[in-house]
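What follows is a short report on a single structure.
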There are 4 protein chains.
Amino acid sequence: MTLTACAINCSLAPSGKRESSTDAMIGVLRDAFAMHDVIVGEPIRIADHDVKPGVTSDEGDGDAWPQIREQILAADILVFGTPIWMGQASSIAKRILERMDAFLSETDEQGRMPSYGKVAVAAIVGNEDGAHWATSQLFQSLNDTGWTIPAVAACYWVGEAMQSTDFKDLEKRPEKVAKTAKMVASNAAHLAKLLKDAPYPG
Amino acid sequence: MTLTACAINCSLAPSGKRESSTDAMIGVLRDAFAMHDVIVGEPIRIADHDVKPGVTSDEGDGDAWPQIREQILAADILVFGTPIWMGQASSIAKRILERMDAFLSETDEQGRMPSYGKVAVAAIVGNEDGAHWATSQLFQSLNDTGWTIPAVAACYWVGEAMQSTDFKDLEKRPEKVAKTAKMVASNAAHLAKLLKDAPYPG
Amino acid sequence: MTLTACAINCSLAPSGKRESSTDAMIGVLRDAFAMHDVIVGEPIRIADHDVKPGVTSDEGDGDAWPQIREQILAADILVFGTPIWMGQASSIAKRILERMDAFLSETDEQGRMPSYGKVAVAAIVGNEDGAHWATSQLFQSLNDTGWTIPAVAACYWVGEAMQSTDFKDLEKRPEKVAKTAKMVASNAAHLAKLLKDAPYPG
Amino acid sequence: MTLTACAINCSLAPSGKRESSTDAMIGVLRDAFAMHDVIVGEPIRIADHDVKPGVTSDEGDGDAWPQIREQILAADILVFGTPIWMGQASSIAKRILERMDAFLSETDEQGRMPSYGKVAVAAIVGNEDGAHWATSQLFQSLNDTGWTIPAVAACYWVGEAMQSTDFKDLEKRPEKVAKTAKMVASNAAHLAKLLKDAPYPG
């Protein structure tokens, strides 16, 4: 069974502006997922699209969410990438979580949200501090909206307190990050396969 | 000495769309502030303006932040209003906090950010649960960016778990909310006066 | 296959002192789990035992954790019950999470922590506000220490803001809480079965 | 006017066990406070005392909190020191916050809690990540229980993600930490003086 993963990048900057550390972290996970026959699609840079604020699945009038929502739900695994700002997940990450609020009322006849049976993992980067808090924001919200969180589902990097090094500029990928990415990918692939074979009954 | 307060409303919806519970809570605080000769300006509904994502004070090209930033910094007190979504402050609230990140590098020759000497309070509403977490997000970020937090600085309301009543639709204003608003306003007015008279030396 | 669940109650008060709302919420989940042939053991009231502060699996000298740790790891599912204080999980809940930190270095030859393949759910109660933040604390920490979080894994109740009603004193169990408990139990039972049959390969 | 500060150290380990990074960070702040004529007392190592779980000011029977509470309230400034575990403040820090919950009902005839007019700052250390989340927990809870938070009130250090260096073992004190400590101390001293001269009217 081949599985697919959809990666989203919730950087505050659109694609052209500068290289993205969040993309770099998603890349680490992509390599790890490849070892488990999971294809991670090209990251969707949310800032390139006009995702409207709101808590429905279509905020009308040019809203880019319906199409992104479709891409996310077409995959078996969500790789949720966000930078850290003010020690927390980015405002764009929060917007995506808010749009998933609609899943709560989009249940099938067994009471299952569209995200049921799919697993989510986090890819988090910052110059300094905030990965655990950002993780807590993602896992609480994603779980609330129907996602399953495999064991050890967060791959992150931050530098020393109050410093400004970017993950993308590190001379070499930290060994511990690569090791964590392997666990995240292995666990997520295993769990996604199990749930695809045997979905939650609702 | 007359003090002024700037109120921002970080609802996900723009003004015309529906009445705002966040505005209703800001109104409770406005009444309480009036008893201390603090004039709270008409709330700035952020969703009515094109505040760009980013962490500088001007993201160029139609960015509405520079003007809002000026209005916020012209006042002595910030009333930060946000609804709760997914148990957390709104994505629009987070965007405002991110824009204030720029204060960290806009210090004067004594090392003081433009927010130094100003006090911030929170006005938080939701259908259910999340006020303490939203408060923690605001106070940590606002303090980091130079704001002073007076004693008992959060006025909030949420309903019973998993319910959907809106604050704006309550038949009467809960007594405890009104009592809390009085404390918030009294403390904020007192502290803002002290700091206006005797600014942080840096 | 019959599954077992271990429930812990992180109330600040020991058993004799007063009836526990956290126990009442665990009871709601126990009823829901019973419909899926999952036996939830008598809740372990942590405050009755001398769990020492620390981050190892045995802090020596009368430490009650080693035995509780064993009971937790003997079950397939963890029902983590905590009251809310100051809008957050209790200090006793935090202590339990800290003790699980040791799992990170107790991996087998495939790099798997003792919690791998086990699922965790949350039972959270408070007079008012805090369930989402407490959930975020639990899910982030539990996931970090190897637990898997099934879809919709938190069952909670809080009353209206600034009120003091206890869950245990409600005249009737809120319908939404019972409905949520059913989802939590169904999802947890399903996922625990899958992982018991097919453990993470590491 | 000479001001006094009470420092608490919420390390999980008692004094004899090992040198404390939290103490080291409190020391950095003590040096900074000395430049503003604020005397920071010897840190109270909470783990050396039997502070009982609970939310009253005296949990009876050997409870060490009443005396510590008195020392804290005798000072003008609270330096709240905590290590980071699981990306959050320690369980012992949480216990202290819970004990302060009692302040809410210990108001004087003007409705002022015993903490009114006192300022609190944070001293936070960890091997890696968690300072912002721990700060948010402290500031939300401390503010709720009547403490005032001066501008830039958190002094912290954490190392690179997933590393294990201790603050106390750093060869030299990071320049940015020293600079932050100076701001924290200057702002806290200034604000504490203002509030001592002109208390909140309630």
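Read-outs throughout are calculated quantities, based only on the coordinates presented, and are distinct from any laboratory measurement. Worth saying up front: this structure is predicted, and the values here are computed from it rather than measured. Using ideal geometry, Cβ is built from the backbone for each residue, glycine included, and neighbour counts are taken over all protein chains shown.
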With respect to the cross-link table entries C:K17/C:K52; B:K196/D:K176; D:K52/D:K118; A:K52/D:K94; A:K94/D:K94; A:K52/C:K172, which display a Cα-Cα separation exceeding 31 Å?
A:K52/D:K94; A:K52/C:K172
Run the label-point distances for A:S15 please: 7 Å along Cα to Cβ, every other copy, nanometres, shortest first.
3.7, 6.3, 6.3
Taking the Cα centre of the range C:3-197 as origin, work out the dipole magnitude from +1 charges on Lys and Arg Cβ and -1 charges on Asp and Glu Cβ, in debye rounded to 20.
520 debye
Might you report the magnitude of the Cβ-based charge dipole of the range D:30-120 about its Cα centre, with Lys and Arg at +1 and Asp and Glu at -1, to the nearest 20 debye?
360 debye
Please compute the average number of Cβ atoms from other chains found within 10 Å of each residue's Cβ in peptide D:104-117.
2
Give the cross-link partners of A:K179 among the aspartates and glutamates, using a straight C-alpha distance below 15 Å as the criterion and excluding same-chain residues fewer than 8 apart.
A:D31, C:E109, C:D144
Dipole in debye (nearest 20) - the protein assembly as shown, about Cα centre, beta carbon charges: Lys, Arg +1; Asp, Glu -1
0 debye
Among D:H190, D:T145, D:S15, which residue has its Cα positioned farthest towards the positive end of the charge dipole of chain D, with +1 placed on the Cβ of Lys and Arg, -1 on the Cβ of Asp and Glu, and the dipole taken about the Cα centre?
D:H190
With label points set 7 Å from each Cα along the Cα-to-Cβ direction at A:A198 and B:I39, the distance between them in nm comes to 6.9 nm
Mean ellipticity per residue at 222 nm, deg cm²/dmol - from DSSP H runs of n ≥ 4 across chain B, formula -39500 (n - 2.57)
-11500 deg cm²/dmol
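Output the relative contact order of chain C, whole-number percent, from Cα pairs under 8 angstrom with separation of 6+ residues.
Working: 409 pairs, mean separation 50.8, N = 202.
Reported as a whole number, the value is 25 percent.
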Computed label-point distance, nm, for sites C:E171 and D:E19 using a 7 Å Cα→Cβ extension
6.4 nm
Under DSSP H, which helices of chain D have Cα atoms covering 27 Å or more of the helix axis and a Kyte-Doolittle average no less than -1.0?
D:175-197
Along Cα-to-Cβ, 7 Å out, sits the label point; list in nm, shortest first, how far the one on B:M1 is from those in the other copies.
1.4, 6.7, 6.9
Among A:M25, A:M162, A:M183, which one shows the highest mean-square fluctuation when chain A is modelled as a Gaussian network with alpha-carbon springs under 10 Å?
A:M162
Give me A:H190, D:H36, D:H132 sorted ascending by neighbouring Cβ count inside 10 Å, so fewest comes first.
D:H36, A:H190, D:H132
To confirm my reading of the symmetry, which residue of chain A has the Cβ nearest the axis that brings A onto D, and what whole-Å distance does it have?
A:W133, 2
So how far, in whole Å, is the C-alpha centre of the range A:20-49 from the one of the range A:53-132?
15 Å
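Quick check on the exposure proxy: order A:V177, D:V125, B:V152 from fewest to most C-beta atoms within 10 angstrom.
Details: A:V177 20, D:V125 30, B:V152 27.
In order of increasing Cβ crowding within 10 Å: A:V177, B:V152, D:V125.
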Place the label 7 angstrom along Cα→C-beta at D:D58 and in each other copy, then list the distances from the first to the rest in nm, shortest first.
4.1, 6.2, 6.7
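Which order do peptides C:139-145, D:52-58 fall in by mean Cβ count within 10 Å, highest first? Present the calculation step by step, with values, prior to reporting the outcome.
On the way: C:139-145: 26.9, D:52-58: 18.3.
So the order, starting with the most tightly packed, is C:139-145, D:52-58.
Can you tell me how the protein assembly as shown classifies by the Cα gyration tensor, rounded, prolate or oblate, using a/c under 1.5 as the rounded cut? Could the numbers behind the result be given before it?
On the way: a/c = 1.37, a/b = 1.21, b/c = 1.13.
Rounded, since a/c falls under 1.5.
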